Amino acid sequence: MDSKRLDLNLLVTLEALLVEQNVTKAAARLHLSQPAVSAQLSRLRDVFDDPLLIPAQRGMTPTAKAVDLLDPLRQALDQLRATVAAHSNFNPAKARLTVAIACTDYLHAALVKPLVVQLRTKAPGVRVAQRNLDIPELEAQMARGDVDLALMTPQAAPPSLRTRHLFDERYVLIGRRKHPRLRAGITVEEFARLEHVVVSLHGGGFVTPVDDALAAFGLKRNVVLSAASFLVVPDIVSQSDFVALVPERLVRDRADQLKLIDCPFPVEGFAVGMVWHERSHGHSGQRWIRETVASLIGQS
């Protein structure tokens, strides 16, 4: 590849094409005509000696070389944009901004609540509008500006959206402090005989992947309650002999009410990250919000 034939405009066009995988959409993002973007794509193919994008049933599909180019290209352009834009035009103490955040109830408790508390001190003019996380609609919501930031498992995000890993969460087994049968080191058989609360986000489900893991031991647990939200589970458990597997960050500050122990067999956790759209990527206020959310991880 002859790097002398590349210029910044071509690289910006390549980024837009690889993200949108559609010449018309890339042209709209770049505020260029479709023929102009098609001409630049032709030049890029010549420079890289690769088709980069090939026609598909819907839009275009990136080649293997194009997939390898996207991450380093974004990193280089982001560094350049950050240097040019910086944060000098955003003053948190004086800013007036509304940020729409989509997340589950668990992440509302784990991240949004501490974020709002911190904003009252650092950025009193910044408001947060919480929305329920709707993954199938997320890309369209972000494109319209209905959602600015999503807190979720980044692997579940549409590929056109930007992601940033925040932390890895694990599950812990909880029960009331004086639960007569809950103790560290319980066996899998003892675990199965306890009275369990499970969470079914869509309501009414009594089976989770934990039950598949138990089936490998030839066991079935005793599920007595299916809750629609993680938020109600700690209170229910603290006032009964029920137990539940919940994300650790949800209950780590409730040791005075609950006993927290490890599950007696491996339970897969999950990753938590931020997801956002290209339209808000360069906005200094939105960037400050994302950095503020990231800073909460080390404090919790």
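Observations
- Share, in percent, of DSSP beta bridges within segment 172-300 that are antiparallel, nearest 5: 45
- GNM result for the chain, Cα springs below 10 Å: residue of P159, P114, P72 fluctuating most strongly: P72
- The candidate values were [x] 1.05; [y] 0.97; [z] 1.24; the one computed from these coordinates for Cα Rg over 2.2 N^0.38 Å carries the label [z].
- Gaussian network model of the chain, springs between alpha carbon atoms under 10 Å - residue of L138, L32, L119 with greatest fluctuation: L32
- Accessible-area order (highest first, 1.4 angstrom probe) of the listed residues H31, H202, H277: H202, H31, H277
- To the nearest ten degrees, helix 34-48 and the longest principal axis of the Cα atoms of the chain are 90 degrees apart.
- For the chain, the longest principal axis of the C-alpha atoms and the axis of helix 8-20 are separated by about 40°.
- Residue among P35, P114, L166 farthest towards the positive dipole end of the chain, charges placed on Cβ: P114
- Crossing angle, helix 64-85 versus the chain [Cα axis fit, 0-90 degrees, rounded to tens]: 90
- Only Lys, Arg, Asp and Glu carry charge here, each on its Cβ (+1 for the first two, -1 for the last two); on that basis the chain has a dipole of about 960 debye about its Cα centre.
- Residues considered: E169, E278, E190. Largest GNM mean-square fluctuation over the chain, using C-alpha springs under 10 Å, is found at E190.
- Take the Cβ atoms of N89 and S33, set R0 to 30 Å, and the FRET efficiency comes out at 0.50.
- Whichever lysines have a C-alpha closer than 25 Å to that of K259, once near sequence neighbours (fewer than 8 apart) are set aside: K113, K178, K220
- Only Lys, Arg, Asp and Glu carry charge here, each on its Cβ (+1 for the first two, -1 for the last two); on that basis segment 147-300 has a dipole of about 240 debye about its Cα centre.
- Summing charges over neighbours of E195, with a neighbour being any other residue whose Cβ is under 10 Å away from its Cβ, gives +2 when K and R count +1 and D and E count -1.
- Just the protein heavy atoms count here, and of the accessible area of the chain at 1.4 Å, carbon and sulfur take up 52 percent.
- The mean accessible area for residues of the chain, using a 1.4 Å probe and ignoring ligands and nucleic acids, is 53 Å² per residue.
The values are calculated or read from the model by the stated rules, or taken from the named source; none is laboratory data. These numbers were taken from a predicted model, which means no experiment stands behind them. Note that each Cβ is placed from the backbone with ideal geometry, even for glycine, and that neighbours are counted across all protein chains shown. The area values use the complete protein model at the heavy-atom level, side chains included, leaving out ligands, DNA and RNA. Shrake-Rupley method; radii C 1.70, N 1.55, O 1.52, S 1.80 Å.
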